[in-house]
Number of protein chains: 2
Amino acid sequence: MLPRGIIPLIGLRPVSLGIRPSFVCSSQRRELASAEVLPQLTKDRYPHVKRGEYAKLDQHHLGFFKDLLGPDRVITDPSDCEGFNVDWIRNVRGYSQCVLKPKTTEEVSKILSFCNDNRVAVCPQGGNTGLVGGSVPVFDEVVLWTGLMNNVMSIDETSGALVCQAGCILEHLDNQLAEKNLMMPLDLGAKGSCHIGGNVSTNAGGLRLLRYGNLHGTVLGVEAVKADGEIIDCLSTLKKDNTGYHLKHLFIGSEGTLGIITKIAIQCPPKPKAVNLAFLGLKSFENVLKILKKAKKDLGEILSSCEMIDESSLESVTENLKLKSPLSIHPFYMLVETHGSNKEHDEEKMNKFLEDVMEEGLALDGTTTNEPSKMKAIWDLRESITEGLMKDGYAFKYDISLPTKHFYSLVPVLRERVGDIAQRVCGYGHVGDGNIHLNVTTRKFSQEMLDKIEPFVFEYTSKLRGSVSAEHGIGFKKTKYVHFSKSKESIALMKKLKAMMDPNGILNPYKVLPC
Amino acid sequence: MLPRGIIPLIGLRPVSLGIRPSFVCSSQRRELASAEVLPQLTKDRYPHVKRGEYAKLDQHHLGFFKDLLGPDRVITDPSDCEGFNVDWIRNVRGYSQCVLKPKTTEEVSKILSFCNDNRVAVCPQGGNTGLVGGSVPVFDEVVLWTGLMNNVMSIDETSGALVCQAGCILEHLDNQLAEKNLMMPLDLGAKGSCHIGGNVSTNAGGLRLLRYGNLHGTVLGVEAVKADGEIIDCLSTLKKDNTGYHLKHLFIGSEGTLGIITKIAIQCPPKPKAVNLAFLGLKSFENVLKILKKAKKDLGEILSSCEMIDESSLESVTENLKLKSPLSIHPFYMLVETHGSNKEHDEEKMNKFLEDVMEEGLALDGTTTNEPSKMKAIWDLRESITEGLMKDGYAFKYDISLPTKHFYSLVPVLRERVGDIAQRVCGYGHVGDGNIHLNVTTRKFSQEMLDKIEPFVFEYTSKLRGSVSAEHGIGFKKTKYVHFSKSKESIALMKKLKAMMDPNGILNPYKVLPC
């Protein structure tokens, strides 16, 4: 029996969700991107960033690429290139005149070897779902798109090791694994578009890091190509391998600046036999913390996700995208999910947890379900927020780690600071991991607003010993702010590593490393 | 009610266990080591390894060290140095004439800066519990012992982040955490002596990696000192921090050759409310695999350890150490442990699992308990094997990852190959992670035996795409065999990294990198 105050999701009608990034395949999205209003060129919006001394694309280069890949896999038509030049949140825009579509590691190796010899700058791109401008060119870098490197090499049902090429789409991998009762250890809103190579290159976090850990823990091996074209094969599928330096970690999270990941081996957990999801409405952030603590304690090893959404964030999907929420309006909402192996035990734990939460007055309203379509409808509310916010016009996006007790503190402070010139100041995210997505939206990009937010947000975060990029990475947009989370010695070591791995600086220039 | 055939551990008397590494503090162990017969000097046993062109210790060096640390923390008396020169399994022996005992990061920094300037080679040493000769000098390297760097800086009860110095003993940390209902995410037989800095430097695995993941996933941050004395502060306590290169991974598992870890932040899981342990006797390795598969499926998220012991391994503790086994003799044994948050649910899962295992005839005999003292007695059988084997005389030790179905295959092959000249050929270990500890014992070291085993074992492992060192690392003893698990490009990159981080090669020379 369900606890008092918690209603099952019977009343929730299936909602028409429109086209959202997680369900749009890459080619569709590129067309969408070019149909939208284009943002200012990055070189104009950020005039302090100067083009490096790289070669300008010429016939010699194009001739080499076309000989290697054939004409169909070398894109030079400006309108065809456009989708690869703009990030999907329309924050940055390069003007590359050439997109390469390799299918194999050997092709990537030959491209990089040639580009390195000829000082041609290269921007690796996967699903282009990044939020910090890491995967689009800043100037005219050649784009190396991984989308045709989409083969699954093997799935070991016993060990759970998946081996695949870097261009496989996360959701496609998850679907293939599901047939073998396995699942990907990461899940994020962009799963329908993002490539696993991009996920690993950016050390993506997502909705279930709380349970399944981070990619440094779950990636078993990588194959990557260095700037000079040399292939580094660390594609081990073993859970334990202590034979010398753990080189794969050089490529996990370095955003394609130390090498291009071409293949990945990853440890996939079993698909849970029982899944339960609760969606709760709360009156205060204090209660968010109390419920988080209680969920960790009472749900223990079956807790798989614990997310928070504030009123304004949810409003962006209910108003801008017309998605329906099953709850009435509250200042805060939480999603609490369990993954387990025993339906009866899990339901008993979840129901007892919800009963306590309602009885203690920690939640004012709530709903729980284990029906896949209804769970999906609730997850859609959470996963559509990025898109909902974009409909406001322009979104200033911050992805911050803070000690849990300070998790939400920046939102009211910033709301006060920016005042009425904002459309919206809101926060949501992975409260179980101390990672908030803080957004300020305006009708269109505004330098005045940017100056009000930055570097304030980073200074605030740094003071609380937080991280100025929890999971989105540094990309192009945050290079100036790395020093808020990294010591000068660490930054110096990063630069030495870059110089060692890519002495000509051809790999994803202008990204990650502070100028 | 307990399933048929499974008896609770009521009959098992508390056993007197003698002094074993996990319960001996470092100072005691050093005395033991010096009281034992000393092994041949490494320089004589491995004459092909030549001393590097490092400075020989002189009064200028000693004067600097004594000025910095005071006379009490600079050990030069040969008999006091002896325990630091020999590994505890008495495989290798250096002849260092100086042991330094810093207390702070700043002292480590000053020592390394001086040694780098003066080309003095340094061997970092923690609890000296390694099994591949990684933590004792090969020649006369100065030993930098971390044992006085044993402060716990903070334990965050909410997030589970522990911050401590590198010289804290694993078991002491676990005891302190227990007071706050937390636990260390790793556990190994040497816990009573090993230092967390050594654990992280060697990327130690242990008994519960299956559940709590590896150190690349659980270590939140490290502070390390580079060869030139520069301090790299990556001591983040955040679960998510994607601000540039993930430098901490350079130090995790590089065995002190790229820097000396001085502080660690690590994510500690909650101490389980319910623990259950089953000890099973089996007739075949085929049944080990069937039980492993079943344990993963039926115990799911509460499975915390799954270990295998063969008959000969268990014999080494029952005969050599006089520990008592609660089961009759069988060709194979398994330990299956659960950690969970609900006693009733966990017992129900465990009992159902054991009932099936007995009914299906997968186990012939078994016992289960949730009483701490009885669980400890069973774990002692498993954790004492290393010591039991040592009592045979000399142990040739191999720590190998193999695809699960081949996990045990090397033991009978090797038994056949070495024939009667071995005291014992046996295998045990982390079957849940595909990591077997393979041992061949003889009365004393024998070159003939070594030649029979090596490189055969490594070739065999390499053919099956296994790892020649699953968790023990490369240390001194396996540098010749790295190429069996690493490509030549990877080894070249390792050497470039070493040259960049430690251009004078003063840090733990003769270790990890192939000559």
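The values are calculated or read from the model by the stated rules, or taken from the named source; none is laboratory data. For clarity, every value in this text was computed on a predicted model and none was experimentally measured. Here the Cβ is made from the backbone with ideal geometry for all residues, glycine too, and neighbour counts use every protein chain on show. To get the accessible areas, we keep the full protein, side chains included, count just its heavy atoms, and leave off ligands, DNA and RNA. Shrake-Rupley method; radii C 1.70, N 1.55, O 1.52, S 1.80 Å.
Quick notes on this one:
- Across the range A:304-311, computed HN-Hα scalar couplings (Karplus, 6.51 cos²θ - 1.76 cosθ + 1.60, θ = phi - 60°) run 10, 7, 9, 10, 10, 9, 8, 4 Hz from first to last residue, x flagging Gly and Pro.
- Chains B and A together bury roughly 6200 Å² of accessible area, counting both sides, with a 1.4 Å probe on protein heavy atoms only.
- Highest-first arrangement of B:175-188, A:41-54, where packing means the average Cβ count within 10 Å: B:175-188, A:41-54
- The shape of the range B:335-456 can be summarised by an equivalent ellipsoid whose semi-axes, obtained from the alpha carbon gyration tensor, come to 34, 17, 12 Å from longest to shortest.
- Reported to the nearest whole Å, the Cα centre-to-centre distance from the range A:155-214 to the range A:217-261 is 17.
- Relative contact order of chain B, defined on C-alpha pairs under 8 angstrom at six or more residues apart (%): 17
- Surface calculation, 1.4 Å probe, protein heavy atoms: B:Ser304 sits at approximately 0 Å² accessible.
- Annotation for the range B:36-73 versus the range B:330-401: alpha-carbon center distance of 43 Å.
- Mean projection of the Cα convex hull over all viewing directions, computed for the protein assembly as shown: 39.4 nm².
- Kirkwood Rh (inverse of mean 1/r, distinct Cα pairs), the range B:392-501, angstrom: 14.7
- Amide H partners (placed H, <5 Å) of B:Met153, local residues excluded: B:Val163, B:Cys164, B:Gln165
- At the residue level, A:Asp380 shows approximately 10 square angstrom of accessible surface with a 1.4 angstrom probe and all protein chains present.
- Average silhouette area of the range A:271-394, convex hull of alpha-carbon atoms, in square nanometres: 7.5
- Look at the stretch B:485-493: the mean tally of other chain Cβ atoms within 10 Å of its residues' Cβ atoms is 6.
- The same position A:Asn118 in the other copies lies at 5.5 nm from this copy, comparing label points 7 Å beyond Cα toward the beta-carbon, shortest first.
- In the context of the full set of protein chains, the protein assembly as shown has a per residue accessible area of 36 Å² (1.4 Å probe).
- Each principal axis of the Cα atoms in the range B:152-267 has its own extent, and those three values, largest first, are 38, 28, 26 angstrom.
- Peptide A:79-86 shows a mean partner chain C-beta count of 0 within 10 Å per residue C-beta.
- Judged by the mean number of other Cβ atoms found within 10 Å, the most tightly packed of the peptides A:151-164, B:262-275 leads the ranking B:262-275, A:151-164.
- Reference-scaled alpha-carbon Rg (2.2 N^0.38 Å with N residues) for the range A:436-515: 1.24
- Computed packing ranks the peptides A:117-128, B:197-208 as B:197-208, A:117-128, most packed first, by mean other Cβ atoms within 10 Å.
- For B:Ala470, residues with placed amide H under 5 Å, excluding near neighbours: A:Asn242, B:Asp399, B:Ile400, B:Ser401
- Measuring between their Cα centroids, the range A:460-507 and the range A:425-442 lie 21 Å from each other.
- Per principal axis, descending, Cα span of the range A:234-344 in whole Å: 55, 38, 26
- Dimensions (Å) - chain B, Cα atoms, principal axes, largest first: 72, 56, 45
- Amide H contacts of B:Cys98 (H built 1.01 Å from N, in plane; Pro and chain starts excluded): B:Val143 sit under 5 Å, all sequence-distant by 5 or more or on other chains.
- Most to least accessible of B:Arg417, A:Arg93 (protein chains only, probe 1.4 Å): B:Arg417, A:Arg93
- The range B:37-145: Rg to Rh, with Rh as the Kirkwood radius over Cα pairs: 0.95
- Accessible-area loss of 20 Å² or more (1.4 Å probe, protein heavy atoms, chain alone versus all protein chains) is found in the range B:235-251 for B:Leu238, B:Lys239, B:Lys240, B:Asp241, B:Asn242, B:Thr243, B:Gly244, B:Tyr245, B:His246, B:Leu247, B:His249, B:Leu250.
- Mean separation of Cα contacts under 8 Å (6+ apart) over length of the range B:37-145, as relative contact order %: 33
- Computed [θ] at 222 nm, deg cm²/dmol, chain B (DSSP H ≥ 4; -39,500 (n - 2.57); rounded to nearest 500): -9500 deg cm²/dmol
- B:Lys226, B:Lys239, reordered so the largest accessible area comes first (probe 1.4 Å): B:Lys239, B:Lys226
- Other protein chain C-beta atoms within 10 Å of residue C-beta, averaged over B:334-345: 3.
- Across the range A:152-267, the relative contact order, built from alpha-carbon pairs under 8 Å that are at least six residues apart, equals 31 percent.
- Heavy atoms of B:Ser313 accessible to a 1.4 Å probe, total area in Å² rounded to 10: 0
- Surface composition of the range A:37-145: carbon and sulfur atoms hold 49% of the protein heavy-atom accessible area at a 1.4 Å probe.
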